[in-house]
Amino acid sequence: MAAVQASSASSANSDILASLNAKSRSGTNDLVSTSEEVQNRFLKLLVTQLKNQDPLNPLDNAAVTTQISQINTVTGIERLNTTLETLLSTYNDGQAVQAAALIGKSVLVGGSGLVLANGQASAGVSLAEPADNLTLTILGGGGGVVQSQTLGARDAGSFAFTWDGKTDAGADAPPGTYSFKVDAVRGGEKVAAEALQIGTVSALVRDKGGFQLDLGGLGRVDFSKVRQIL
């Protein structure tokens, strides 16, 4: 009878460990509320198991040590998960404060749009490496070249530029939406250049993946996609 009770207690301990492992992976607290409660239940069952063991066939010391080690490892993982959740929450709160401070400011994000108003338009470029020379080409709605100009040598990183609204012929281009492209070279080799458009932050939106900035007509972009604040 004692051997049967010991076997039942050992099985119960294994069930608790399995339950806690599942809870640690899923991040839920449906089965137990705290790691302390799990440890208490585990120790009670272990004591019962020791009391009811068969004197002629006692528990193996290595098996008992392994069970205790398992419960310590699993509860340690649970505590680590709780700590990580707290750190993530703190990070998200800090990100919200930073993002909220951008409301009303202009930022550079990925895109080749260019809006000409009052004889001026601004956008930006991100260079993967330093370039000896950059060529900026302004394109009209049909893809035709409106103006082409040289921006000279630039260091790696992001920077903004301004178009005066003039065509290659020197005439004033009509207000509206244009696009642009940039060709960058260094020593005869092409340098990766990304077009950046300017948007004004009108609101901060929170979703499952974090925070997004509402840029009005440009839509929403992730806070992490902002290349430069102007």
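Can you compute the modelled spin-label distance between residue 148 and residue 208, with each label point 7 Å from Cα toward Cβ, in nm?
According to this spin-label approximation, the distance is 4.7 nm.
Per 0.36 nm of contour for each residue apart, how much would the distance between residue 66 and residue 160 grow if the chain were fully extended, relative to their Cα-Cα spacing?
Gain on extension, residue 66 to residue 160, equals 27.6 nm.
Hey, with R₀ at 25 Å, roughly what FRET efficiency would residue 222 and residue 106 work out to, going by the Cβ-Cβ distance, to 0.05?
Efficiency computed from Cβ-Cβ geometry: 0.90.
So how do 188-197, 122-131, 141-150 stack up, highest first, on mean other-Cβ count within 10 Å?
122-131, 188-197, 141-150
Less than 12 Å Cβ to Cβ from residue 192, Lys/Arg counted +1 and Asp/Glu -1: what total charge do the surrounding residues give?
-2
For residue 205, what is the net charge nearby, where nearby means another residue's Cβ is under 9 Å from its Cβ and Lys, Arg count +1, Asp, Glu -1?
With Lys, Arg at +1 and Asp, Glu at -1, the net is 0.
Taking +1 at the Cβ of each Lys and Arg and -1 at the Cβ of each Asp and Glu, which of 149, 165, 178 sits farthest along the dipole of the stretch 106-186 towards its positive end, judged by Cα position relative to the Cα centre?
178
Which whole-percent values make up P(r) of the stretch 95-230 when all C-alpha to C-alpha distances are grouped in 10 Å steps starting at zero?
Final binned percentages: 12, 38, 32, 15, 2, 0.
Could you state the accessible area per residue of the stretch 104-230 in Å², with a 1.4 Å probe and every protein chain left in place?
Using a 1.4 Å probe on heavy atoms only, each residue of the stretch 104-230 averages 52 Å².
The values are calculated or read from the model by the stated rules, or taken from the named source; none is laboratory data. Since this is a predicted model, take the numbers as computed values, not measurements. Note that each Cβ is placed from the backbone with ideal geometry, even for glycine, and that neighbours are counted across all protein chains shown. Note: accessible area is taken over every heavy atom of the protein model, side chains too, but ligands, DNA and RNA are not part of it. Shrake-Rupley method; radii C 1.70, N 1.55, O 1.52, S 1.80 Å.
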